[in-house]
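Just so it is clear, none of the values below were taken in a lab; they were calculated from the coordinates. None of the values given here were measured: they were computed from a predicted structure. Glycine gets a Cβ as well: all are built from the backbone with ideal geometry, and neighbour counts include every protein chain shown.
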Amino acid sequence: MSTSQNQMHLAAFVTAGPGRPGGWRYPGSERNWLSASYYQHIGRVLEQGRFDLMFFADILSVPDRLGNSMDSQLRYGSLGSLRLDPTPILASVAAVTRHLGVAATVSTSYLEPFPVARSFATTDHLSDGRAAWNVVTSFQDSEARNFGNDRHIDRDKRYERADEFLEVACKLWDSWDDDALVVDPAAPLFADPERVHRIDHEGEWFSVRGPLNVSRPPQGYPVIIQAGASPKGRDFAARWSDVIFCSHASLESAREFYQDIKGRAVRHGRRAEDVKILPMANPVIGPTTEAARETERQLADLVPPLAGLSTLAYHLDIDLSGLPLDEPLPDVDVPGVQGHYKEVVEMTRRDGLTLRELGKRYGGRTEGAFVGTAAEVADGMERWYTEGACDGFTVGAVHTPGAFEDFVRQVVPELQRRGVLRTEYEGETLRDNLGLERPASGTWRNRRYGA
């Protein structure tokens, strides 16, 4: 493995659908979401920019948390209005790229370990070691109702299930020794039976005999991505994740999260550098600072307040429809994503936002440090990176694919000129390029939740 340890890493946040409620309305945005060529083009652009990976978000329902209605989601093209299954898209992108990692979001709450482990092992083989899995536990009753349940699993239980899910997946990936696939026609010996093992897993949530019917992935395990923000989620992420996706409203909150996660990883017997933390950045780039601000304003004008509030209601798992729009978001108990709640509380208090203004801001989120000329955006990213807030960024597109094209054409050369971003890929696999060791068989035993 050969990779630079003093350069930032870049992931791209992509949705298999319209994404942002203002972005799809922006002039010049492409709307070819149902075609493989749309995602293949983005993949090629990202590889030109030496991104580590292309990360597809996903959910398992059309959200109806705002007023018990899907109207605002569907009407405004918000969060879950249209989401293709991201897993098949990975293979189509991998086929037209050589180095770019490909990541899909898959929930541990409603699927089973065997088909998920098999799918990611297959993708890792087909991509020559570039697959990644964004592990989510899901949290919405609307998702539960698509899988025969009235309510979602409670927070503690869903992390317990996720832990066992990851354990079973790793056992399945380990069920073939690295040298088990022989393919010797003369012997004849296709696969050595002594090197392929049943796992005979019996647990609280799963009973899986194994072995997997796919040989061990090129990376050992596909790269694991997670976004836990609550104390329970942070602990889970620090034990299992290779990459952590997060969202922060300020450098200070990002730095606190970074230090906390790195400390948790070390306490669980891992090296701090084995967990890459990539907070969200939604750059808006212009030839001048004012031009970038004007684009930001145009994008914000395209976001109806209810579009952003319906997405926020989904993330917080709270119906916001009964709250006054011209008053600030009150303190509430949040059953949903703790990280998003901390982010909007910070924005509300810092900028004095009403709920209506928060809806527009949340639906078209940009970060002040990443709005401006290419040099100014690079300044902000370099500051976060050098001041201990991140190992790089998860870059979102405020409109697609143009915002990715602008970033690669303008900001990437600035970062490369400063020596904080690679100019060429150093490794063959995604783990290589992230500076991560290939896990030996049985590595999962050191990552058990509650160990």
- [ ] Work out, in µm²/s and without decimals, the Stokes-Einstein translational diffusion coefficient of segment 150-282 at 37 °C, 0.692 mPa s, Rh from Kirkwood over C-alpha pairs.
- [x] 191 µm²/s
Task: For the chain, the spread of Cα positions along each principal axis, largest first, Å - done: 73, 52, 44
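Rounded to the nearest 5, what % of the DSSP beta bridges within the chain are antiparallel ones?
If we restrict to bridges inside the chain, about 15 percent are antiparallel.
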- [ ] List the pair-distance distribution P(r) of segment 75-218, using every Cα-Cα distance, as the percent of pairs falling in each 5 Å bin from 0 up to the bin containing the longest distance, rounded to whole percents.
- [x] 2, 9, 15, 17, 17, 16, 12, 6, 3, 2, 1, 0, 0
Open item on the list: What's the whole-number percent of alpha carbon pairs in segment 306-415 lying beyond 16 angstrom?
Closed with: 64 percent
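Would you mind giving the average projected area, over all directions, of the Cα convex hull of segment 117-160 in nm² with one decimal?
About 4.0 nm², averaged over all directions.
Can you give me the Rg/Rh ratio for segment 85-144, using Cα atoms for both radii and the Kirkwood formula for Rh? Walk me through the numbers on the way to the answer.
Values: Rg = 12.4 Å, Rh = 12.2 Å.
Looking at segment 85-144, the ratio lands at 1.02.
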Task: Cα-based equivalent ellipsoid of segment 47-90: semi-axis lengths in Å, sorted from largest, via gyration tensor - done: 28, 11, 8
Task: CD proxy at 222 nm, helix term only [per DSSP H run n ≥ 4: -39500 (n - 2.57); per residue of the chain; nearest 500] - done: -11000 deg cm²/dmol
TODO: Sort 407-414, 179-186 for me by packing, meaning the mean count of neighbouring Cβ atoms within 10 Å per residue, highest on top.
DONE: 407-414, 179-186
Task: Cα Rg, Dmax (largest Cα-Cα span) when computed across segment 126-195, Å - done: 19.0, 57
Task: For segment 270-316, radius of gyration divided by Kirkwood radius, i.e. Rg to Rh on alpha-carbons - done: 1.20
TODO: Provide the gained length on full extension for the span Arg145 to Val96, in nm with one decimal, where the gain is 0.36 nm per separating residue minus the Cα-Cα distance.
DONE: 13.9 nm
Open item on the list: Give me the net charge for the shell around Gln338: Cβ to Cβ below 14 angstrom, other residues only, Lys and Arg +1, Asp and Glu -1.
Closed with: -4
Open item on the list: Distances longer than 25 Å among the Cα atoms of segment 1-116: what percent of all pairs is that?
Closed with: 32 percent
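Taking neighbour Cβ counts within 10 Å as the exposure measure, how do Val62, Val106, Val332, Val243 sort from fewest upward?
Sorted ascending by nearby Cβ count, the order is Val332, Val62, Val106, Val243.
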- [ ] Return one number: the angle in degrees, 0 to 90 and rounded to the nearest 10, between the long axis of the Cα atoms of helix 113-126 and the longest principal axis of the Cα atoms of the chain.
- [x] 90 degrees
Open item on the list: Can you bin every Cα-Cα distance in segment 226-345 into 5 Å intervals starting at zero and give me the percent of pairs per bin, rounded to whole numbers?
Closed with: 2, 10, 16, 17, 16, 15, 11, 8, 4, 1
